[in-house]
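No lab work stands behind these numbers, since they all come straight from the coordinates. All values reported here derive from a predicted model rather than from experimental measurement. Cβ placement follows ideal geometry from the backbone for every residue including glycine, while neighbour counts extend to all protein chains displayed.
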Amino acid sequence: MTITERYAEFAARETRGVSPTYERLSAAVAGDNELAARLDTLPPDKQQPNLLFGVVRFLGGPVHDPAAFRAWTLAHWPAIEPELRARATQTNEPGRCAVLLPALAALPQPLALLEVGAAAGLCLYPDRYAYRYGDHSLGTGAPVLECAATGLVPPATRPEVVWRAGLDLNPLDVTDPADVAWLDALIWPEHQHRRARLRAAAAIAAADPPLLVRGDLVDDLPALAARAPAGATLVVLHTSVLYQVPQPRREAFAERVTALPGHWLANEAPDVLPRRGLPAPPDDALYNVLSLDGKPLAWTRSHGQAMTWFG
Ligand SMILES: C[S@@+](CC[C@H](N)C(=O)[O-])C[C@H]1O[C@@H](n2cnc3c(N)ncnc32)[C@H](O)[C@@H]1O
């Protein structure tokens, strides 16, 4: 895909109706030969709209006016380029726990959670967050994760988690203000509710930090899984991670995770982790597929804001 195609697709499919600011910016970049030429000097995984916009926000640049964004980005390219090369999109969205919860609550308790691609580990606290599925509430306090759930009876209880561990190529530390600032910069401009959710979830994680290990989800999974306590159900989970992993490594990961005792809970895009026999998605928005031990369970929206359970 060319830079122009990539940014035009991002505008049309990912941001439309979700972030007017990023829709305007990505459409502007799609039509800008000079910005495209700068981005073209980078490896493809460093050309992503989310990464560019996150880095510009992280460095204090303007994103609300495409002309101001363009001028600032071109003027500050010497500072932007090394950040693009050094960083990756590590959006850590605790809201995704709302779509994981029904599957986790139905497993034999207690649970030992091992998240691969955990970023700062904010999806390792499904037992600590509160939830609202329509008029059904679960738990108290903040954050409250709202999810429009179709086709399922929401769980009556939260899971019991006795061990939480994360594996990431670049683990982020919620007690480090610079890491939290990067997570904040990755949240889209209009999404104040997600910013508040990040702060509330980060406070929960900081009070009882998970075991976060720097490592690769294929090579280092068995050693970390071996540290899970006996007497708990091991669940290896991941959400919005495998799109960053080359296809042969996704296959190696699938082989490795299925060889472990316990369960495998995946929440990934259907083209990234193909599943057979999927019903048509509810509409033409982008959806992930939630699957347990390879069996597809539901279509889920990317920030956990909605799920449609399969019949
Ligand atoms: C988009 S973030 C998602 C974070 C979290 N799962 C969530 O849903 O909020 C993807 C994470 O996967 C990590 N990652 C990518 N490739 C990886 C690999 N081969 N092994 C371990 N972690 C990886 C990245 O560093 C990043 O933190």
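Using 0.36 nm per residue and subtracting the Cα-Cα separation, the extra length available between R275 and L74 on full extension is 68.1 nm. Sequence-distant contacts, meaning Cα pairs under 8 Å at least 6 residues apart, place the relative contact order of segment 88-156 at 32 percent.
Length gained on full extension, T157 to D40: 37.2 nm, using 0.36 nm per residue less the C-alpha separation. For the chain, what's the relative contact order in percent, using C-alpha pairs closer than 8 Å and at least 6 residues apart? Rounded, it is 18 percent for the chain. Positive contributions from Lys and Arg (+1) and negative ones from Asp and Glu (-1), summed over other residues with Cβ under 14 Å from the Cβ of C147, come out at +3. Between D135 and R199, the FRET efficiency from the beta-carbon distance, with R0 = 22 Å, is close to 0.25.
Amide H contacts under 5 Å for L237: L114, E115, V116, L265, restricted to partners 5 or more places along the chain or on a different chain, H placed in the peptide plane at 1.01 Å from N. Residue by residue, segment 275-284 carries 3J(HN,Hα) couplings of 10, 7, x, 6, x, 5, x, x, 7, 8 Hz when phi is fed to the Karplus relation 6.51 cos²θ - 1.76 cosθ + 1.60 (θ = phi - 60°); x denotes Gly or Pro.
Computed from point charges on the beta carbon alone (+1 for Lys and Arg, -1 for Asp and Glu), the dipole magnitude for the chain about its Cα centre is near 380 Debye.
Measure nothing fancy, just the Cα-based angle from helix 247-258's long axis to the longest principal axis of the chain, in degrees from 0 to 90, nearest 10. Compared with the principal axis, the helix lies near 20 degrees. Look at the dipole of the chain built from charges on Cβ: of T15, H238, A228, the Cα furthest out on the positive end belongs to A228. Counting charges near L278 (Lys, Arg +1; Asp, Glu -1) among other residues having Cβ under 12 Å from its Cβ returns a value of +2.
Most tightly packed first, judged by the mean number of other beta-carbon atoms within 10 Å of their residues, the peptides 239-251, 110-122 read 110-122, 239-251. 3J(HN,Hα) along segment 187-204, derived from phi through the Karplus expression 6.51 cos²θ - 1.76 cosθ + 1.60 where θ = phi - 60°, amounts to 7, 5, x, 6, 8, 4, 5, 6, 5, 5, 5, 4, 4, 5, 5, 5, 5, 5 Hz, with x in place of Gly and Pro. Between helix 66-75 and the chain there is an angle of about 80 degrees, using the helix long axis and the longest principal axis of the Cα atoms.
The order of the peptides 287-297, 148-158 by mean Cβ neighbours within 10 Å, most packed first, is 287-297, 148-158.
Between the alpha-carbon centres of segment 5-38 and segment 247-311 there is a gap of 27 Å. Listed from fewest to most Cβ neighbours within 10 Å, the set L59, L183, L265 follows the order L59, L265, L183. Each label was represented as a point 7 Å from its Cα along the Cα-to-Cβ direction; for E251 and E190 these points are 4.1 nm apart. Here segment 60-82 and segment 110-147 have alpha carbon centers that stand 35 Å from each other. Need one word for segment 1-92: rounded, prolate or oblate. Basis is the Cα gyration tensor (sqrt eigenvalues a ≥ b ≥ c); a/c below 1.5 gives rounded, then a/b vs b/c decides. Rounded is the answer for segment 1-92, as its axis ratio a/c remains below 1.5.
With contacts taken as Cα pairs under 8 Å at a separation of at least 6 residues, segment 149-286 carries a relative contact order of 24 percent.
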